[in-house]
Amino acid sequence: MPPGTDDPRKLFILTTVGNHFSLDTPASLSRRPLDNFLDDGNEFLLAVSRHADELHFSNKLESMEGDGRVLVFFKPHPCVVSEENLHRSVLVSSMLESPISTLYQALRQVYGPVLLQDDKWSQSFDSKLQSLLTDLEVGLGSVLRHSTPKDSGKRSLSESDLSSITTPLDEFCFWADVSRSAQQSSERERAAHFTELFTTIEKDYSNLDSFSLVEVQDLIESTRETVDDVWKQNEHAAYPETRMIRLMDVIGGALGRFVQRKLNALRLWEDPYFTVREGLKGGVSVCEQWVAACERLTGQVWKRYSPHPWSGEKHRPQGLESLAQRLEEVAQVRSVCEKLQRLLSGGKQQVSAARVYQPFTGLNPIHYNPYTEPLWRASVSQFDRLITPAEQEAAGKLKTFIIDAQDSPQQLLQAFQKHRDLIKRPTISKELQPERETLLTRLLDYNKGLRADFESRCHGAPGEKTGPLAGRNLPEVVNNIVWVRQLLLKEASEENRVSG
């Protein structure tokens, strides 16, 4: 055993380092910077960085080389670290990419909300300090938007670096910064033009949570019009395609998080079905509206816009599309349970919500990401197994309804339409295979009858045996058009019902 392995102070620091950098604890604990930090009351800092598979310890925060990550241990007051004061005398912070980025994100996500919004701390934080803190956050954000990690904080106005654009407001602020600080007047004028175009939606995205799920759909339409204007403007150099993809994605991200925040108020498995259904429906509509807008702009509208054509594939914000799919799946789970309870006698007892929703305990389906997807799939599979007996009984009851409606193709189709959500379920669909085939046969025969009627009546004048049915006070040409359209509508109506 290397010397010092029984020192709990070193074990704490090296275990934390190993977990952060995904490396095993170093075999040797004898490192002078580490010893200095622990044993010297005048040493306040220990910085650890990774270079390849080696860890570098230093008592100074040097240039962030290696993989750009630094783990910092520091003391709030001069002391020798002991086992007793370890957790009171050592603070831990991580740095990523650059000190500017880390300080900005810490202010934005941690210290700003606590010091400016929390009642306890904001009251003891005078208005001048609050203003200075806000100005510092704004200034750091501006520097960050115009610098890259490789530049080590060096200010730049490059449009190609998108790493700092994580929200719509970041993009709006980027162009506002360029309009003030670009060296060439043409660049300032171009940026000012983009800033003016974005002004129409900037305030709304600053106060996104003030919207309802219904109201935000108007904002999405305004956003679609704005990005269309930005893309089609021809007074200045064109808006870059890669930047537009990024903007569409961060807008999609903002809308997705907005939907999640709104739906977090729902108790998905306990609240009334109607309340949950309408909430999920609103969330899906928001997601689908922006996905459809992006797809139409990049796949059709801008493809045909010759002054600045879209050169890449049509773009669909994948995260937002996946969230919409998840919300629809949650709605389907609630819908199936609700319909089984209504269909079956004693359904409330047979399809007990407490029992069939048990697989979803501890899982919030609204929080979609690739890590929650396997757990969601496993929970849905378990839910399917729990309701299989109820679905088999429901299939038997549906067969009775279908037999009673077999005399008329329309009544038979209406029976399928009324219970289509249940009939789509694999278990019930399999049980009703003969009935589904009967429906298809009857509808095909019905359409053949319509075509035969057309063939037999398309040779004579209206009202004659070999002519179309006669309408009241209609010229012959108009009468024929109306008759044919009625036949087409009947045929299309049956086809749509089957596909639905």
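The values are calculated or read from the model by the stated rules, or taken from the named source; none is laboratory data. Given the structure is predicted, the values throughout are model-derived calculations rather than measurements. Methodologically, a virtual Cβ is constructed for each residue, glycine included, from the backbone with ideal geometry; neighbour enumeration extends over all protein chains shown. Heads up: the accessible areas ignore ligands, DNA and RNA and are worked out on the full protein's heavy atoms, side chains in. Shrake-Rupley method; radii C 1.70, N 1.55, O 1.52, S 1.80 Å.
Within the range 315-339, the set of residues being aliphatic (A, V, I, L, M) and more than 14 Å from residue 369 (Cα to Cα) comprises 330, 331, 333, 336.
Among the residues making up the range 138-162, those that are at pLDDT 75 or above and open to solvent by 50 Å² or more (accessible area, probe 1.4 Å) are 138, 159, 160.
When the range 95-109 is examined, which residues are found to be open to solvent by 60 Å² or more (accessible area, probe 1.4 Å) and within 28 Å of the chain's Cα centre (by Cα)? 96, 97, 103, 105, 109 - these are the residues of the range 95-109 that are open to solvent by 60 Å² or more (accessible area, probe 1.4 Å) and within 28 Å of the chain's Cα centre (by Cα).
Taking the range 8-49, which residues are surrounded by 14 or more Cβ atoms within 10 Å (Cβ to Cβ) and modelled with pLDDT under 85? Passing the criteria: 23, 25, 26, 29, 31.
Taking the range 213-245 as the range and being touching a Gly at 6+ places or on another chain (Cβ under 8 Å) and either in a helix (DSSP H, G or I) or of a type in the set (Lys, Arg) (or both) as the test, the residues that pass are 241, 245.
Take the residues of the range 337-362 that are farther than 21 Å from residue 274 by Cβ and modelled with pLDDT of 90 or more: which is surrounded by the fewest Cβ atoms within 10 Å (Cβ to Cβ)?
So, considering only residues that are farther than 21 Å from residue 274 by Cβ and modelled with pLDDT of 90 or more, the one surrounded by the fewest Cβ atoms within 10 Å (Cβ to Cβ) is 361.
In the range 367-420, of all residues being open to solvent by 50 Å² or more (accessible area, probe 1.4 Å) and among the hydroxyl-bearing types (Ser, Thr, Tyr), the one that is nearest to residue 335 (Cα to Cα) corresponds to 381. The set of residues in the range 110-126 being over 24 Å from residue 100 (Cβ atoms), assigned to a helix (DSSP H, G or I) and either at pLDDT 80 or above or open to solvent by 90 Å² or more (accessible area, probe 1.4 Å) (or both) consists of 119, 120, 121. Residues that are of a type in the set (D, E, K, R) and open to solvent by 10 Å² or more (accessible area, probe 1.4 Å) were ranked within the range 231-264; the one that is nearest to residue 342 (Cα to Cα) is 262. Residue 401 meets each of the listed conditions (1) at pLDDT 75 or above; (2) in contact with a Ser or Thr (Cβ under 9 Å, 6 or more places away or on another chain); (3) of a type outside the set (Ser, Thr, Tyr) apart from (2).
The single condition among (1) among the basic types (Lys, Arg); (2) at pLDDT 90 or above; (3) out of contact with any Cys (no Cβ under 9 Å at 6 or more places or on another chain) that residue 316 does not meet is (3). Would you confirm whether or not the range 70-90 contains a residue that is assigned to a strand (DSSP E or B) and not hydrophobic (A, V, I, L, M, F, W, C)? No, that holds for no residue.
Please state which one of 267, 334 is basic (Lys, Arg) and open to solvent by less than 60 Å² (accessible area, probe 1.4 Å).
Unique residue meeting the criteria: 334.
Of all residues in the range 200-217, those being surrounded by fewer than 15 Cβ atoms within 10 Å (Cβ to Cβ) and either without any contact (Cβ under 8 Å) to a residue 12 or more places away in the chain or of a type in the set (A, V, I, L, M, F, W, C) (or both) number 5. For residue 71, the requirement of being among the aliphatic types (A, V, I, L, M), crowded, with 16+ Cβ neighbours inside 10 Å, modelled with pLDDT of 85 or more and touching a His at 6+ places or on another chain (Cβ under 7 Å) is met.
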